[in-house]
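First comes the structure, then the notes that go with it.
The values are calculated or read from the model by the stated rules, or taken from the named source; none is laboratory data. If you're wondering where the values come from, they're calculated on a predicted model, not measured in any experiment. Here Cβ is always computed from backbone atoms with ideal geometry, including for glycine, and neighbour counts include all displayed protein chains. Remember, those area values only see protein heavy atoms, side chains included, never the ligands or the DNA or RNA. Shrake-Rupley method; radii C 1.70, N 1.55, O 1.52, S 1.80 Å.
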Amino acid sequence: MASIDEAGPTRTPRSRSRVRGGLVTVGTVVALLAAMGLTVLGLGSADNAVANFDASSWLWSAARSELARVNGITARVDTRVEVPAAQRHPMQVTQTDRLLVLRDLSTGQISALDLATLQITATLPTAPGLGVSVALHDETAFVVDTVQGVVRQLDPRSLAPVGEPVRFPPGITGGAFDGQGRLWVAVPAEGTVSAIIPAMLPSGSAHTPVGSPRVRTYEVAEASHELVVSTLDDGVAVLDRTAGVLVTVVDGTTRRTALTSTLTGPGILPVRTSGSVVPVTVPGQRRVHAVGGSGEVRSFAVPGDGDRLGPAVAWAGRFYCADEAAGAVFAFDAAGQLTDTIRGRWGGPLELEVRESHLFINAPQAAAARVVDDSHRVREVDKYANDVLGGDPPSEPPPPPPPPKKPQVGEPGAPRNVNAAAGDAQARVSWRPAAANGADIVRYVVEGAGQRLEVGANQRSVEVEALTNGETYRFSVHAVNAKGAGPARTSNPVTPTAEVPDAPDEVTAAARPDGTVVVSWPAANGQGNTIARYAVSATSAGANAPVGEATGTELVVKAGELEYGTQYAFTVVSVDDKGAASDASPVSNTVVPFAVPGEPVELRASTVADAPGTVAVLWAPAVANGRPVTGYVVEVGDRRSEVTDTRATVDGLGDGQHVTVRVRAVNEAGEGVPASTTARTVAAPRVTVTGSSATATAVTVRFTVDAGGGQASCTLSRSGQAAKSGPCSIITMGGLAPDTSYSFTVTATNAAGSGTGTRAQRTDALFGVATCENGPDGDQRTYCDQDRGGRNGNEIFSVPRQDDDRQVGWAKPGTRLEAYCRVRGTNIDSWIYNDNKQSTWWVQVKYSGRNYIPWAWLNLEGGDDIDVLPTC
């Protein structure tokens with residue numbers, strides 16, 4: 001195909017374009033703003049100077065609002081930089097060895113960072129949302145406004161404009177450099193791709209480039225086809241999604257590879273492809289088609305379910321494909337065989353970029369990244385490395401939810417609202433989307449007047465040319481997806497005429513907080529006829545589609561009709577009462593539709609165990625819906641608080657109170673839909689005594705404790721005695737008197753208070769055996785046989801001493817006596833008659849009431865341990 005080489009920024013649109021829309025007239029880029037301050041974390045100024053390291057890449061961490069510079073060789077972070085007021089914002093990071101440019105998608109602000117000093121050198125405001133991007137190569141920078149079709153070269157340090165902008169029809173795609181320093185953009189309205197050669201520095205100069213960029217244009221597709229761009233080491237690859245063709249432009253030569261039989265759904269490409277093989281990923285089919293430089297195609301499947309695949313990235317002879325739903329990156333060799341699966345707790349989007357001979361895998365919502373070298377060794381990177389910043393990293397995001405159930409797949413439905421409007425020897429046909437029925441629509445086919453036109457799925461209007469004025473035509477439109485062609489719907493009849501109305505002179509658009517967009521224009525000149533209606537189309541990056549019609553000079557696009565957070569501009573076509581249509585109006589200003597934020601997700605509320613009247617609330621960020629989330633409103637019971645983080649602790653509630661927790665995200669549009677759950681504050685414990693048991697001197701009480709959501713500690717007590725601590729299930733208290741009734745209280749205590757339970761229990765009786773065994777010689781042999789009034793053991797006294805006047809009896813050896821307690825008395829030695837047992841302890845026993853026997857003559861059952869008896 002032929003190319004068009006142009007010396008400057010002025011371009012003449014190709015006449016074969018079938019999509020309405022004039023050239024954009026945009027003023028000079030706004031003046032430079034004051035630099036925004038950054039905070040460098042963990043390193044001194046000397047360490048930060050001359051930050052030019054090979055094999056390094058800056059990775060964004062949205063949760064921390066930080067950039068981390070990762071050394072690909074060591075897989076370690078050496079510098080972290082905090083970006084103010086950007087927490088949880090999506091961020092485009094564009095970098096070279098010496099330059100770093102950021103674009104905050106939530107605010108639209110572009111910031112230039114000098115890596116030699118780690119200082120912001122300039123900022124530039126743009127419209128927020130998707131639609132504007134920044135490209136860097138060596139000392140060259142471009143800002144690409146895909147909606148308006150304006151490409152502007154900038155000085156990468158001051159962000160001041162260089163030369164005149166290059167203007168294309170609105171709705172371009174692409175905007176990345178190839179390895180040779182050419183910026184490539186595709187123009188779906190024309191079916192072309194253009195290489196933009198930057199204005200160069202004067203020979204020997206170290207200052208700002210002079211002159212204007214030059215443009216070289218190549219025809220790659222029919223007009224109105226849907227185009228996706230990936231830049232190469234030298235050239236560009238363009239996927240014509242509508243025709244199922246991959247076109248490469250290398251060294252000025254175009255090569256076409258038909259993928260019609262293999263491309264069963266809309267394909268995607270990486271922004272940049274390294275090497276000669278271009279991977280085309282079809283997320284809906286979970287397949288990758290690797291297209292070689294000579295046109296050979298090798299196809300392979302990606303394991304798993306769902307359609308949340310990112311574009312496969314070629315690196316060092318392998319292909320890496322991210323599955324955000326599964327939290328995994330699959331690696332395939334050149335033959336399409338799975339060689340590795342890289343998994344992590346990433347919980348969000350995954351960004352794959354080849355830089356400095358390494359593949360960097362970043363999860364902006366998580367603390368960890370991965371680095372893959374050219375030997376395919378994978379190493380984990382801690383973006384919150386403590387030796388750089390200190391402190392503990394935040395908790396990892398929750399694992400991704402399981403993929404949704406696969407929908408039933410069928411042929412698409414019929415397009416809605418197929419409309420035709422006559423022009424001069426042409427007709428404009430537009431329609432609303434057809435139901436996809438489980439498989440993405442690949443193209444629309446328009447038939448009529450002996451013509452068949454294929455139009456991209458996101459280009460839902462087309463001009464049918466070469467018609468005869470005065471003749472009446474009808475046109476049919478049908479959609480095509482992986483399952484085939486759907487039913488057609490036929491337009492109203494139209495009769496082309498040379499008498500067409502004027503288009504409105506200008507169009508303005510404004511996004512409203514309720515999610516609607518109001519598009520307005522002055523009344524058009526009907527050139528003698530009455531304007532019956534106005535047809536309004538929206539243009540975004542690579543897309544152009546009708547959004548509605550109005551009989552007056554204003555159209556309110558319904559909330560949800562346009563994607564929040566995406567940039568749009570609008571054109572208007574006048575249609576008179578004869579059915580004749582004007583050309584398209586000039587394109588409007590760019591707007592970003594927005595509405596209140598979505599519902600916060602994964603809301604959890606829990607009892608704070610160690611604080612009374614307190615609950616902890618945690619959630620994942622809400623969808624911003626076109627404007628940054630500035631905070632969250634947390635309502636717990638009748639208490640309301642506002643926070644900027646995704647967690648809150650609310651106190652001042654009642655003990656054991658059941659509360660409803662509601663969390664709303666807040667943005668420019670107001671408070672969003674609440675997420676809700678329930679929680680309970682910690683309650684005072686409840687004790688249930690389940691049983692008890694006793695020995696002669698100890699009681700064991702068994703119980704259960706409802707800790708009320710807190711952390712309980714437990715004790716067992718009896719009147720007049722110190723409490724005994726123990727586990728909150730069973731506690732034993734010793735030192736009790738045998739055969740005695742006691743009343744016990746179990747007390748459980750937590751942050752909210754105490755709960756009690758009681759139990760009565762009698763100790764068992766303790767017995768001892770009066771013991772006296774005769775000796776071997778003489779009188780020893782009969783010493784223990786009877787009480788002969790002498791000191792021959794087993795005597796029982798009313799006092800704890802041997803006193804004939806106080807003796808109350810004698811226990812025959814072997815007599816079993818119930819023991820009550822112990823008391824100190826005179827020392828008694830049993831000599832050989834009881835194993836030489838000697839002690840001053842006397843035991844009160846049940847014998848003619850409560851009286852005493854020397855412990856030397858009484859052997860207690862269960863081990864003869866005198867200490868088990870309480871003192872009398």
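Quick check: net charge around VAL147, other residues with Cβ under 14 Å of its Cβ, Lys/Arg +1 and Asp/Glu -1? The answer is 0.
What the phi angles of the range 654-670 give under the Karplus curve with 6.51, -1.76 and 1.60, with θ = phi - 60°, is a coupling list of x, 6, x, 8, 7, 10, 8, 10, 10, 10, 10, 7, 10, 9, 4, 7, x Hz, glycine and proline written as x. Net charge in the neighbourhood of GLU773 (other residues with Cβ under 13 Å of its Cβ; Lys, Arg +1, Asp, Glu -1) is +1. Summed over the residues of the chain and divided among them, the accessible surface reaches 41 Å² per residue at a probe radius of 1.4 Å.
For TRP810, the residues whose amide H sits under 5 Å from its own are ILE796, ignoring neighbours fewer than 5 places away on the same chain, with H placed 1.01 Å from N. When you count the other C-beta atoms within 10 angstrom of each residue and take the mean per peptide, 285-293, 162-170 line up highest first as 162-170, 285-293. In nm, to one decimal, how far is the modelled label at ASP305 from the one at ALA466, with both set 7 Å along Cα→Cβ? Simple spin-label model gives 4.9 nm for this pair. Taking Lys and Arg as +1 and Asp and Glu as -1, the other residues whose beta-carbon sits under 13 Å from that of PRO800 total +3. Each Lys and Arg contributes +1 and each Asp and Glu -1, all at the Cβ; summed about the Cα centre of the chain, the dipole is approximately 1360 debye. Round to a whole angstrom and tell me the spacing of the C-alpha centers of the range 800-872 and the range 685-763. Answer, in whole Å: 33.
Once you sort the root eigenvalues of the Cα gyration tensor of the range 156-199 as a ≥ b ≥ c, which label holds: rounded (a/c under 1.5), prolate (a/b larger than b/c) or oblate (the other case)? In terms of gyration-tensor shape, oblate.
Listed by chain and number, the aspartates and glutamates whose C-alpha is less than 20 Å from the C-alpha of LYS578, apart from same-chain residues fewer than 8 away, are ASP424, GLU463, GLU465, GLU471, GLU499, ASP502, GLU549. Please compute the Cα-Cα pair-distance distribution of the range 689-772 with 5 Å bins starting at 0, giving whole percents from short to long. Each 5 Å bin holds this share of Cα pairs: 3, 15, 25, 21, 14, 9, 6, 4, 2, 1, 1, 0, 0.
From its DSSP helices (H runs of at least four residues, each -39,500 (n - 2.57)), the chain gives a residue-normalised ellipticity at 222 nm of 0 deg cm²/dmol. As a length-normalised measure over Cα pairs under 8 Å and 6 or more apart, the relative contact order of the range 228-365 settles at 14 percent.
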